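The values are calculated or read from the model by the stated rules, or taken from the named source; none is laboratory data. Keep in mind that this is a model prediction, so the values were computed, not measured. Cβ sites come from the backbone with ideal geometry, for glycine too, and all protein chains shown count toward neighbours. Ligands, DNA and RNA are stripped out before the accessible areas are found, and what is left, the full protein with its side chains, is counted by its heavy atoms. Shrake-Rupley method; radii C 1.70, N 1.55, O 1.52, S 1.80 Å.
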Amino acid sequence: MKVIAKTGNEAMAYAMKQINPDVVAAYPITPATEVVQIFSNYVADGEVDTEFVAAESEHSALSACVGASVAGGRVMTSTASQGLALMHEILYIAAGNHLPIVIALVNRSLSAPINIHCDHSDTMGSREAGWMQFYSANSQEAYDSIIIALKVAETCGVPAIVSTDAFIISHCMDRLEVLEDEEVQKFIGEYNPKYYALDIGKPKTYGPLDLQDYFFEHKRSQIDAFSKVLGTYNKIAQEYEKLSGRYYPAVEEYRTDGAEVAIFTAGSTADTAKEVVDDLREQGRKIGLVRMRMWRPLPIEEIKKALSKFKAVAVMDRSDTMADFGGPVFLETRGILYDLDKRPIITDYVYGLGGRNVEIADIVRVYDEITEVAKTGKVSKPVTYLGVRGEE
Amino acid sequence: MQQYFEVRWHGRGGQGAKTAALLFGEAAMETGKYIQAFPEYGPERTGAPVKSFNRLADDPIRIHTQVINPNVVVVLDSSLLECLDVTEGIQEGGTLLINSQESADELKKKLAKTEGYKLAVVDASKIAMELLKRDVPNTVMLGAMVKVTGALEWDSALASIEKKLNVKFRGRKEIIEGNIKAIKRAYDEVKVA
């Protein structure tokens, strides 16, 4: 084990270096540019054996990744925001072809208005594409998640997105522990795809027309493969714990024992909220935190188990659904809890869009309000836009 | 909440405020601290006012909020005093360190707040011009910073900075030695008012 200082972007690029993929095809975009830039340095310096393809757009970058992955390669790329939006069409093609490509992504808001800072609207807009989604709370987790996600992806034939919060994590230098190159190589193993185009002994057709007769069955089988990811993830996350000492459950509970209310959120805000939880617990408050780390596939049973014990839950969503009903985490969580006989009251706080700073005081306020909701059983405002001028 | 040691760096785009924060962060990590170093991103261009930050602690740092009340504020370019309040949010008993050829008394006339903190001045630009032949005060200021704040152990901080400079300048001896010399001189020459 080595301790080094790295930003989120450096940490993800470093994990990519240790993975040493066959092909990386990418197009730079703020704030993920550094991932590509640093990785291309590794290529130029001969520290990896990767074929690096500097594409002319994100659409082309992911298309090249699809080609390389179909050919049987271990393939990665990196992007953010508009870049992921431009990849949108190809996301479905990668997933539908069961190609285990991994994207090192930085969560950034979508235009317009143009903004380079953090929110989760880019990945939340790709929830239905069939990619696993991991939201990292810090650089350490981003590094670890790239390695874990690659192994899960290749084991399941499902692509993955690992993301960090724009600038807050991507450009923040932090202390992190990294594995040795050989340890990473041993953990991920050699990639041996079951089917690939360059397997000339067993020729196959890739990407043929699939009409009313079989499209539905093939989609169903994709959904089925996707639903099995979670079990594999849990196993691989445990293997990774044995190797690194760090364990990342799909849904993390923090000081939820005896708690009556909780915040349910993701990313760097969840990390900050842990500190708030410690402070408020010291004052005797019965509060806890549940962090959503994996949002695709949806860890339904884990969410039920984690949230059902509370009287009230405040979701903090870093994107909106434009449904006049809050953010996607709120909507989907409500759906998950609907089946429970005894379910918590649930409210939503849409926060931090376009990188709006989240202060300790903001999180304290959410705990105060949700505690009041639990006490009175009344929700005066199901969806709050936290700290928006003219709103409050 | 655990105690944090927080720093805000003010500079102009191109002066290396970000690099200074990264170097300081790494040096602190080598002394066993947990660290964060991050710039503020906006419409930065060469010459425009920019900020960067450090957060240090003895235990792992979990908060990812902005630095609002820094223990130390470092100003790489004293012309910034004309256009912004560098004392904003500075902690009671904190330190304001300015790169300037002016005296503390003269500088105080330009500061919005003059009480409740320690003012330290060093002419880092002059040191940089003499030893590095360019006005690059960022690494030079690290020497003054370590001295006046006592935040880091001097020898290990210096060793870490040297190591980092070695990587950055790919072993180019005269630049690295020049920087180290300049850092040591700033350490000796900084004056606390």
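So with the 1.4 Å probe, I'd like the accessible area per residue for region A:2-243, rounded to whole Å². Don't skip to the answer; put the middle values down first.
Details: 9680 Å² over 242 residues.
Dividing the accessible area of region A:2-243 by its residue count gives 40 Å².
Could you point to the residue in A:MET294, A:LEU86, A:ALA11 farthest towards the positive end of chain A's charge dipole, with +1 and -1 charges on the Cβ of Lys/Arg and Asp/Glu respectively?
Value: A:MET294.
Picking from B:ILE61, B:ILE161, B:LEU132, whose Cα lies most toward the positive end of the charge dipole for region B:5-192 (charges on Cβ: Lys, Arg +1; Asp, Glu -1)?
Of B:ILE61, B:ILE161, B:LEU132, it is B:LEU132.
Restricting to region B:5-192, compute how many DSSP beta bridges are antiparallel as a %, nearest 5.
55
Sort A:TYR385, A:TYR42 by heavy-atom solvent-accessible area, probe 1.4 angstrom, most to least. Don't skip to the end; give the middle numbers.
On the way: A:TYR385 65, A:TYR42 30 Å².
So, going from the largest accessible area down, we get A:TYR385, A:TYR42.
Pull up the DSSP beta bridges for the protein assembly as shown and report the antiparallel fraction as a percent, rounded to 5.
Values: 29 of 82 bridges.
Counting only bridges with both partners in the protein assembly as shown, antiparallel ones make up about 35 percent.
Antiparallel as a % of all DSSP beta bridges within region A:2-243, to the nearest 5? Walk me through the intermediate numbers first.
Values: 5 of 26 bridges.
Antiparallel bridges: around 20 percent, rounded to the nearest 5.
Would you mind computing, in nm to one decimal, how far apart the modelled labels at B:ASP135 and B:LYS184 are, each placed 7 Å from Cα along Cα→Cβ?
Each label point is offset 7 Å from its Cα along the Cβ direction, giving 2.7 nm.
Where the only charges are on Cβ atoms (+1 Lys, Arg; -1 Asp, Glu), what is the dipole of region A:270-376 about its Cα centre, to the nearest 20 debye?
Values: 18 positive and 19 negative charges, 84 e Å.
Computed about the Cα centre, the dipole is about 400 debye.
Could you check which residue among A:MET12, A:MET87, A:MET322 shows the biggest mean-square fluctuation in a GNM of chain A with a 10 Å Cα cutoff?
It is A:MET322.
Remind me, what semi-axes does region A:10-131 give for its equivalent ellipsoid, largest first in whole Å, using sqrt of 5 times each Cα gyration tensor eigenvalue? Numbers along the way, then the final one.
Details: eigenvalues 96, 63, 25 Å².
Ellipsoid semi-axes (Å, largest first): 22, 18, 11.
About its Cα centre, what dipole magnitude does the protein assembly as shown give when the only charges are +1 on Lys and Arg Cβ and -1 on Asp and Glu Cβ, stated in debye to the nearest 20?
Result for the protein assembly as shown is approximately 340 debye, rounded to the nearest 20.
List the relative contact order of chain B as a percent without decimals, with contacts defined as Cα pairs under 8 Å and 6+ residues apart. Walk me through the numbers on the way to the answer.
Details: 384 pairs, mean separation 41.9, N = 193.
Relative contact order, chain B: 22 percent.
Show me the chymotrypsin sites (Phe, Trp or Tyr not before Pro) within region B:112-184 that DSSP assigns to loop and that have at most 15 other Cβ atoms within 10 Å of their Cβ. The partial results should precede the final answer.
Numbers: sites: B:TYR117, B:TRP154, B:PHE169; in loops: B:PHE169.
Taking region B:112-184 and a limit of 15 other Cβ atoms within 10 Å, the loop chymotrypsin sites (Phe, Trp or Tyr not before Pro) found are B:PHE169.
Using modelled backbone amide H atoms (1.01 Å from N, in-plane), which distant-in-sequence or interchain residues come within less than 5 Å of A:ALA259's amide H?
Amide H to amide H, under 5 Å and 5 or more residues apart or across chains, A:ALA259 pairs with nothing.
Restricting attention to region B:80-161, which GluC sites (Glu not before Pro) occupy a DSSP loop and are surrounded by at most 14 other Cβ atoms within 10 Å? If you can, show how the numbers build up before the last one.
On the way: sites: B:GLU82, B:GLU88, B:GLU92, B:GLU102, B:GLU106, B:GLU115, B:GLU130, B:GLU153; in loops: B:GLU88, B:GLU92, B:GLU102, B:GLU115, B:GLU153.
Filter output for region B:80-161: B:GLU88, B:GLU92, B:GLU115.
Show me the trypsin sites (Lys or Arg not before Pro) within region B:1-54 that DSSP assigns to loop and that have at most 15 other Cβ atoms within 10 Å of their Cβ.
On the way: sites: B:ARG8, B:ARG12, B:LYS18, B:LYS33, B:ARG45, B:LYS51; in loops: B:LYS33, B:ARG45.
Counting only loop positions with at most 15 other Cβ atoms within 10 Å, the trypsin sites (Lys or Arg not before Pro) in region B:1-54 are B:ARG45.
Could you work out the mean count of beta carbons from other protein chains within 10 Å of each residue's beta carbon in B:31-38?
Working: counts 0, 2, 1, 2, 5, 8, 6, 10.
Whole-number average of other-chain Cβ neighbours for B:31-38 is 4.
According to the square roots a ≥ b ≥ c of the eigenvalues of the Cα gyration tensor, what is the shape class of region B:5-192, taking rounded for a/c under 1.5, prolate for a/b larger than b/c otherwise, and oblate for the remainder?
rounded
At 1.4 Å probe size, put B:TYR187, A:TYR240 in order of accessible surface, largest to smallest. Don't skip to the end; give the middle numbers.
Details: B:TYR187 60, A:TYR240 0 Å².
Heavy-atom accessible area, descending, gives B:TYR187, A:TYR240.
Stick to Cα atoms and the Kirkwood definition of Rh, then tell me Rg/Rh for region A:2-243. Let's see the in-between values first.
Details: Rg = 17.0 Å, Rh = 17.9 Å.
Ratio of gyration radius to Kirkwood radius: 0.95.
From the square roots a ≥ b ≥ c of the eigenvalues of the alpha-carbon gyration tensor of region A:251-385, which class results: rounded (a/c under 1.5), prolate (a/b over b/c), or oblate? Could you put the intermediate results ahead of the total?
On the way: a/c = 1.24, a/b = 1.06, b/c = 1.18.
In terms of gyration-tensor shape, rounded.
What is the distance, in nm, between label points placed 7 Å from the Cα along the Cα-to-Cβ direction at A:GLU177 and at A:LYS381?
4.2
Can you list the residues of region A:234-276 with backbone N under 15 Å from a point 7 Å past the Cα of B:GLN2, pointing along Cα to Cβ?
From region A:234-276, the list is A:271-276.
About its Cα centre, what dipole magnitude does chain B give when the only charges are +1 on Lys and Arg Cβ and -1 on Asp and Glu Cβ, stated in debye to the nearest 20? Walk me through the intermediate numbers first.
On the way: 27 positive and 26 negative charges, 117 e Å.
With Lys and Arg at +1 and Asp and Glu at -1, about 560 debye.
If each of A:GLN185 and A:ALA225 carries a label point 7 Å out from its Cα toward its Cβ, how far apart are those two points in nm?
2.8
Work from the charge dipole of the protein assembly as shown (Cβ charges, +1 for Lys and Arg, -1 for Asp and Glu, about the Cα centre) and give the residue of A:SER139, A:ILE116, B:VAL190 farthest towards its positive end.
So the residue furthest toward the plus end is B:VAL190.
Between rounded, prolate and oblate, where does region A:246-285 land on the alpha carbon gyration tensor, with a ≥ b ≥ c its root eigenvalues, rounded for a/c under 1.5, else prolate if a/b exceeds b/c? Intermediate values should be presented prior to the final figure.
On the way: a/c = 1.92, a/b = 1.53, b/c = 1.25.
Note, shape of region A:246-285 comes out prolate.
For the protein assembly as shown, what size does the Cα cloud have along each of its three principal axes, sorted from largest down, in whole Å?
On the principal axes, the protein assembly as shown reaches 84, 65, 44 Å in Cα extent.
If the cut-off is a Cα-Cα distance under 25 Å, which lysines reach A:LYS186, setting aside same-chain residues fewer than 8 apart in sequence?
Hits, sequence-local ones excluded: A:LYS2, A:LYS6, A:LYS17, A:LYS151, A:LYS194, A:LYS228, A:LYS235, A:LYS242.
For region B:1-54 and region B:132-173, what is the separation of their C-alpha centers, rounded to whole Å?
Their Cα centres are 14 Å away from one another.
Residues of A:269-278, mean number of Cβ from any other protein chain within 10 Å of their own Cβ, rounded to a whole number? Intermediate results must be reported in sequence, preceding the final value.
Working: counts 2, 2, 5, 4, 2, 2, 7, 3, 0, 3.
Whole-number average of other-chain Cβ neighbours for A:269-278 is 3.
What is the average number of partner chain Cβ atoms found within 10 Å of a Cβ in B:58-70? Intermediate results must be reported in sequence, preceding the final value.
Values: counts 0, 0, 5, 6, 11, 11, 18, 12, 4, 0, 3, 0, 0.
Mean shielding by partner chains, rounded to a whole number: 5.
Which entries in the list B:LYS18/B:LYS163; A:LYS274/A:LYS378; B:LYS108/B:LYS181; B:LYS18/B:LYS173 go over 20 Å, if you measure between the two C-alpha atoms of each? Present the calculation step by step, with values, prior to reporting the outcome.
Numbers: B:LYS18/B:LYS163 18 Å; A:LYS274/A:LYS378 26 Å; B:LYS108/B:LYS181 29 Å; B:LYS18/B:LYS173 23 Å.
Distance filter (> 20 Å) returns A:LYS274/A:LYS378; B:LYS108/B:LYS181; B:LYS18/B:LYS173.
Less than 12 Å Cβ to Cβ from B:LYS163, Lys/Arg counted +1 and Asp/Glu -1: what total charge do the surrounding residues give?
Net charge in that neighbourhood comes out at -1.
Angle, helix A:229-244 long axis vs. longest principal axis of chain A, Cα atoms, 0 to 90°, nearest 10?
The angle comes out near 90 degrees.
HN-Hα J couplings of region A:260-276 from phi, Karplus 6.51/-1.76/1.60, θ = phi - 60°, integer Hz, Gly and Pro as x?
Residue by residue, region A:260-276 yields 9, 9, 8, 9, 10, 8, 9, x, 4, 5, 5, 5, 4, 5, 4, 5, 5 Hz.
Using a 1.4 Å probe on the protein chains only, how many percent of the accessible area of region B:1-157 belongs to carbon and sulfur?
Roughly 46 percent of what the probe reaches on region B:1-157 is carbon or sulfur.
Using a 1.4 Å probe on the protein heavy atoms, what percent of the accessible area of region A:163-274 belongs to carbon and sulfur? All intermediate terms of the calculation are to be shown ahead of the outcome.
Details: 3250 of 6090 Å².
Roughly 53 percent of what the probe reaches on region A:163-274 is carbon or sulfur.
What pairs in B:LYS147/B:LYS184; B:LYS133/B:LYS191; A:LYS309/A:LYS375; B:LYS113/B:LYS147; B:LYS33/B:LYS184 have C-alpha atoms more than 19 Å from each other?
Where the Cα-Cα span goes over 19 Å, the pairs concerned are B:LYS133/B:LYS191; B:LYS113/B:LYS147; B:LYS33/B:LYS184.
Tilt of helix A:360-376 relative to the longest C-alpha principal axis of chain A, in degrees (0 to 90, nearest 10)?
The angle comes out near 60 degrees.
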